[in-house]
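The values are calculated or read from the model by the stated rules, or taken from the named source; none is laboratory data. Keep in mind that this is a model prediction, so the values were computed, not measured. Cβ: placed from backbone, ideal geometry, glycine included. Neighbour counts: every protein chain shown.
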Amino acid sequence: MKQILLLVTLVLLMSGCVDGDKYSFSESGDNWEILYEVVVTNDVEQQTAGSIKYIGDNKAPETIDYKIQYNSLGQGSSDEESPLKFGAVKFKNITCGNCEIIQKDDEIEVEIMWEGQTEKLILTTDK
């Protein structure tokens with residue numbers, strides 16, 4: 001009983017550590033499905049996580065290059081030759097400090113490049 005009470009207390013304390021909001025952005029295209037989650041921790045810091053999943057008709061590529069941009073300053077993230085595991089790339093706990101914070105109504109631009117092909121998607125918040 002004490003362990004359960006301790007666990008519940010820890011969960012409540014940890015949930016109180018996040019001051020800001022949480023937003024989920026997503027979109028599906030011809031070949032890719034993207035989920036991008038943002039947790040705003042304070043006025044100048046946020047954490048992002050998400051996945052890029054292959055949904056095309058052909059065999060999934062072994063690696064992809066991708067760019068994620070979320071404002072006019074070109075802030076975001078990118079990676080080259082990211083290996084796909086079970087048809088997906090996952091990224092988590094990317095912290096951006098002293099950056100422009102992603103807002104709920106923002107659009108996030110994602111460009112995925114693989115095997116000489118490119119797909120661009122615009123992510124919006126789930127409603």
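Side notes on the structure shown:
- Output for segment 108-127, where each listed residue is free of Cβ contacts under 8 Å to residues at least 24 places away in the same chain and either surrounded by 14 or more Cβ atoms within 10 Å (Cβ to Cβ) or farther than 18 Å from residue 27 by Cα (or both): 116
- Scope segment 63-97; condition exposed (fewer than 11 other Cβ atoms within 10 Å of the Cβ) and either within 18 Å of residue 119 (Cβ to Cβ) or free of Cβ contacts under 8 Å to residues at least 24 places away in the same chain (or both); matching residues: 72, 74, 80, 81, 83, 85, 86
- Residues considered: 43, 30. Of these, the only one that is of a type in the set (Asp, Glu), at pLDDT 95 or above and at negative phi is 30.
- Among residues that are outside any strand (DSSP E or B) and surrounded by 16 or more Cβ atoms within 10 Å (Cβ to Cβ), residue 58 is not included.
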